[in-house]
Structures are given as structure tokens and as C-alpha cells.
Amino acid sequence: MSTLYRGGFVYRPVDPFATAMVVTGHEIAWIGGEEAAAGHADAVDEVVDLDGALVTPTFVDAHVHTSMTGLSLEGVDLSDALSLAEALSRIETAARARQGRPVYAHSWDERAWPEGRAATSAELDRASYGGVVYMPRIDAHSAVVSSALAAASGARGRDGWHETGLVLREAHHLAREAFHAGITPADRSRHVDLALKAAAEAGIGLVHEHGAPHLSSAEDLATVIAAGDRGDGPQVMAYWGELVEDEQAARDLVARHGARGLAGDLCADGSVGSRTARVRRPYADEDTHGCAYLGVEQVRDHVSACSLAGVQAGFHVIGDAAVETVVAGLRAAADRVGADVVRRARHRLEHLEMPDTDAIAALVDLGVHASIQPAFDAAWGGEAGMYAARLGAERALAMNPVASMAAAGMSLALGSDTPVTPFAPWEAIRACVNHHNPQQRISARSAFLAHTRGGWRAGGVDDRGYLDLGQPASFAIWSVGDLVVQAPDDRIQTWSTDPRSGTPGLPDLSPGADLPVNLRTVIRGRTVFDREGALT
Ligand SMILES: [Zn+2]
């Protein structure tokens with residue numbers, strides 16, 4: 001089967017005049033201009049008129065919790081509920097549709113509601129006709145539970161239990177565990193499929209799944225890997241966040257889980273929002289330094305073991321003090337097993353929100369990749385955002401130093417940490433281009449590269465994530481309203497100019513501009529998402 005796509009813009013920086021592409025089987029067979037495309041039209045099985053659409057390689061989301069994302073997508077999203085009454089009415093609708101099965105209703109914030117308060121167990125009981133409802137707040141550190149879930153979990157009366165049905169701390173952990181224990185293998189498969197479908201729709205061709213004993217389970221990871229192997233959606237690279245102390249344990253663990261590395265959400269600290277990210281100076285709004293979950297020796301032993309086994313190691317690390325610990329541990333590992341052995345294993349760090357210049361230099365020296373979430377700066381950065389409330393404006397503006405990392409030569413991969421933020425690659429690129437701190441903005445082209453090739457590199461694969469002859473046919477086709485076309489000298493000039501970044505071939509990414517709309521996602525020659533009626 002061969003297909004000619006013509007009459008659009010094919011994003012290929014070495015060939016800015018490309019308008020057409022031929023896909024044969026799983027591979028890209030040809031890329032070129034309109035004149036030559038005419039010669040291919042008769043030789044192919046199918047011709048698709050792009051009608052000015054932009055063809056890019058598929059994106060890589062380097063930080064994904066797949067089944068949790070599916071659970072959220074299937075559940076009741078309350079992030080835009082305008083009142084508690086509306087939230088309860090949505091829960092009632094879902095409870096009816098689910099015919100007695102548990103309801104997951106998430107992301108509410110009582111501060112946005114005129115009632116100014118959380119739901120109560122009694123209200124959830126009424127809305128669900130006495131069913132199981134788990135209703136985590138937007139920060140996921142507290143929840144409201146129905147009476148049925150309170151009873152089943154044993155949360156009632158435990159530390160953090162409130163008579164209204166609000167649960168924190170121990171009571172919350174019990175309720176969450178009981179809710180998750182009720183998720184069947186069939187539910188989990190459905191959640192994974194839902195999430196991967198959403199990724200495909202967002203133009204993502206590869207997700208890095210981050211499982212860990214404290215977050216998910218071996219069965220969960222296996223389900224995600226199997227779904228990726230089916231070939232009818234995004235590819236999956238899996239990470240397992242569990243600490244090891246020797247080389248053999250590292251080998252055994254990656255083999256047992258089919259994981260690419262022992263990295264991901266192996267937590268050196270927590271998050272800024274919950275004041276558990278480990279920082280050098282105390283938080284601005286509470287006298288705490290946050291939590292340190294790992295010491296230098298643990299990092300050293302894990303990195304040494306993984307390096308010797310040739311396995312990627314990595315950590316979830318956010319606060320500056322946690323970064324310091326991880327860097328010291330990496331250096332100690334390099335002293336023990338040799339810097340070259342550490343570099344060869346190509347370790348990676350997730351989030352890496354507060355590295356200083358020294359830390360960046362040390363990480364670049366050891367060949368460590370950064371897997372970052374630009375949406376975090378977009379959502380919480382700046383002088384007036386959540387980061388500033390927690391840490392003060394000065395530290396908030398210094399967070400997520402994307403340009404400093406890129407300038408130092410650090411290899412970057414972009415991700416969403418979904419369900420924390422949704423699959424949204426163009427938003428991530430836009431967040432890099434429009435970083436709250438003007439000094440930390442990078443070009444659209446650099447950000448695009450980080451969200452495509454950078455993601456493959458962070459997974460240990462150097463030669464993927466761009467459109468070229470012989471490359472796998474993994475691409476997305478985007479409707480781009482603002483793409484500028486000029487036709488000087490009777491020649492179609494096929495690149496646009498983003499007025500902010502001046503990036504040929506990429507759409508306008510200024511703050512108010514309409515972002516590209518995905519029309520089709522093709523992964524290794526197979527169409528895995530097709531917008532109804534968009535391409536003929
Ligand atoms: Zn994560």
C-alpha cells in the first residue's frame with residue numbers, strides 16, 4: 001500500500017520547500033515538491049490532498065501515567081464545574097449511566113464555587129443512589145467519599161477523617177486504595193486504551209509510561225506495554241521507578257517488567273503545590289523545607305548498579321535541595337564506576353524544576369537527559385502563580401530554566417505528566433516559546449525538536465522523531481489556520497513564519513493564536529486517528 005500526500009507543508013528543516021510525501025508500507029519513501037509529486041501520483045495506490053495542512057513527525061510525550069489518564073478521561077471531570085450543585089448533578093448523571101458501578105469524580109476546587117465548600121458524603125449518597133463515589137480534590141491530596149466507600153475502606157474515624165466525608169492523610173490513603181482495588185483488569189485495559197486513543201488524537205506517536213510500586217502495579221505496566229505492542233496506537237516505552245542496589249537486581253527488574261529503565265517517578269522529593277518538593281530555603285507560605293525521600297547514598301547505589309547493568313536510571317526531582325542530592329549521588333556513582341559508564345547508560349531526570357548553573361553543568365557532563373513539563377510553567381509559573389505563592393516571586397521566576405538547560409547542551413524531552421496536565425504537545429511548545437521568564441524562552445524549533453527527537457533520545461534511541469526517507473511513517477497532519485504561504489518567483493514557498501520566534505515551517509505560537517488541529521495521526525504506516533471528513 002502506498003499513499004501520496006500532496007498540497008501541504010511537510011516539516012523538514014533541511015528541505016523547506018517540501019509540500020508532498022509518499023508513504024510505502026511502514027516507511028517514508030519520498031519527500032519533495034509539487035512538481036515532482038505529480039510524477040508520483042500515478043504510481044501510488046492512493047492520493048491524499050492535504051489542502052494546505054502541515055505534516056509533522058508525531059510527538060513524544062515523555063511523562064505519562066496511562067491508566068490513570070484513562071480513569072480521569074472516563075470519570076467526571078469537575079475542573080470546569082461552576083458550582084457544587086453542578087458538580088453533584090454531573091455525578092448523578094454519571095452514576096445513572098454507570099448503573100451502580102463506582103464513580104470517579106475529580107479535579108474539583110471549592111474556591112471556584114459560590115457554595116465555597118466541598119461536597120458531603122450525604123450529597124454523594126443522594127447523587128449516586130448509595131453507590132461508591134471517590135471524589136479527589138484538584139491537588140489529589142484530599143477527597144470526599146460516599147458512605148459506601150467510607151464503609152468499604154475503613155476510612156471512617158481514622159486520622160484525617162471528617163464527619164462530612166472529607167478525607168485527608170491516612171483516611172484519604174485508605175479510601176483511595178479501596179477505590180483502586182475495585183478497578184478490575186477489564187477496567188484497566190479500557191482505561192489504557194482510552195488514554196492511548198487520546199494520545200493518538202493529540203498527534204502523539206510514542207508515550208513514556210512511568211509506573212512505580214507506589215503509583216501503580218506490575219500488572220498495570222504490563223497492560224500498557226501490551227497495548228503499545230498491539231500496533232494500533234501510540235508506541236510505548238515503559239519505565240519502572242524502583243530502587244536497586246546492585247547490577248544483577250537492576251538487570252532482573254527491567255527484565256521482569258519489560259522496562260526500558262529503572263527511572264521515572266522514583267521520587268527524590270514531592271511537589272511544590274503540596275509543599276513536599278525539597279528546597280534549600282524554607283517555603284514562603286509555611287515554615288518547611290519539604291520532604292527528602294532519597295539520600296545521596298541511595299542515589300549513588302542505584303545509579304552505579306544501573307550504569308553497570310547498562311540500564312537507564314532516573315528520578316523524580318523538583319526542589320533545588322533534591323536536585324543537589326541527585327547530582328551528588330550521580331557524581332558519587334561516576335567516582336565509583338567511572339564517568340563513561342554513567343554516561344553510556346544515559347540517565348534521565350523527571351521535572352528537574354530548580355537546577356542551578358552548577359547542577360546543570362554537572363548533569364550535562366554526565367550525559368543526563370531532562371524530561372520536563374512546560375505546561376507546569378504555563379499553569380503555575382510567573383510572579384503571581386502558585387509557585388510564587390509557595391516560594392516567592394524570585395524563586396518562582398527561576399524555575400524550569402529551559403533556556404539555561406538548552407544553552408548548556410542538555411538534551412531535553414517534553415511531556416505532560418498526564419493526568420496532571422492533558423496530552424497537549426503544541427501547548428507545551430507554546431509554553432516554552434512564551435515562558436513566564438523571558439530569559440528562559442527557547443525557539444519554537446528547539447522546543448519542537450525536544451518534543452519529537454528529544455523524546456526518542458531520552459528513551460535511548462537517537463535516530464527517530466523526524467521525517468526523512470527510510471524513517472518509519474509516523475506523522476500527524478495538522479490544520480494550521482495561520483500558516484503563511486508566499487509564492488515568489490512562481491515557486492511555492494512552503495514555510496511559514498511564526499512572528500514570535502521566526503521559525504520557518506511552524507505555526508504561529510503566540511499566546512492568543514489558534515493552535516493546530518489534528519486531522520490524522522499515522523504511526524508506522526497505520527492510521528490510528530482520523531478526523532471524520534477532514535482528509536479525502
Ligand atoms: Zn509522574
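The values are calculated or read from the model by the stated rules, or taken from the named source; none is laboratory data. On a predicted model such as this, the values are computed, not experimentally measured, just so you know. Here the Cβ positions follow ideal geometry from the backbone for every residue, glycine too, while neighbour counts run over all protein chains shown. Just so you know, the surface numbers come from the protein's heavy atoms only, side chains and all, with ligands and any DNA or RNA stripped out. Shrake-Rupley method; radii C 1.70, N 1.55, O 1.52, S 1.80 Å.
General observations
- Extension gain for ASP159 to HIS173 (0.36 nm times residue separation, less C-alpha to C-alpha distance): 4.0 nm.
- DSSP beta bridges fully contained in the chain are about 45 percent antiparallel.
- Computed from backbone phi, the HN-Hα couplings of the stretch 468-476 come to 7, 4, x, 6, x, 7, 10, 8, 10 Hz, rounded to whole numbers (Karplus: 6.51 cos²θ - 1.76 cosθ + 1.60, θ = phi - 60°; Gly and Pro given as x).
- Inter-label distance, nm, simple model (7 Å from Cα along the C-beta direction), ALA186/SER510: 5.3 nm
- The amide H of ILE31, built 1.01 Å from its N in the peptide plane, has VAL22 as neighbours under 5 Å, considering only residues 5 or more places off or on other chains.
- Net length gained if the chain between THR288 and VAL461 were fully extended (0.36 nm per residue, minus Cα distance): 58.2 nm
- Cβ charges +1 (Lys, Arg) and -1 (Asp, Glu), total dipole of the stretch 5-77, debye: 240 debye
- Sorting 282-289, 76-83, 147-154, 373-380 by their mean Cβ neighbour count within 10 Å, with the most densely packed peptide first, gives 373-380, 147-154, 76-83, 282-289.
- Average accessible surface area per residue within the stretch 161-214, 1.4 Å rolling probe, Å²: 43 Å²
- Accessible-area composition of the stretch 323-472, carbon plus sulfur, in percent [1.4 Å probe]: 49 percent
- Euclidean distance of C-alpha centroids, the stretch 506-523 and the stretch 394-437, integer Å: 18 Å
- Sites ALA379 and ALA43 - FRET efficiency at Förster radius 51 Å, r taken between beta-carbons, to 0.05: 0.55
- Percent accessible area from carbon and sulfur atoms, the stretch 193-307, protein chains only, probe 1.4 Å: 46 percent
- Probe 1.4 Å, protein heavy atoms only - accessible area per residue of the stretch 1-68 in square angstrom: 38 Å²
- Under 5 Å, built H, 5+ apart or other chain: amide partners of ARG137: SER142, ALA143, VAL144
- Gain in span if fully extended, ALA255 to ASP335, counting 0.36 nm per residue against the direct Cα distance: 26.1 nm
- HN-Hα J in Hz across the stretch 207-213 - Karplus 6.51, -1.76, 1.60, θ = phi - 60°, x for Gly and Pro: 10, 9, 7, 10, x, 6, x
- Efficiency of FRET from Cβ geometry, GLU245 and ASP51, R₀ 45 Å, rounded to 0.05: 0.20
- Model label points for PHE17 and SER217, set 7 angstrom from Cα along the Cα-to-Cβ axis, are 5.9 nm apart.
- For the stretch 343-382: rounded, prolate or oblate by the Cα gyration tensor [a/c cutoff 1.5]: oblate
- Modelled spin-label separation between GLU297 and ARG117, with each label point placed 7 Å from Cα along the Cα-to-Cβ direction: 5.1 nm.
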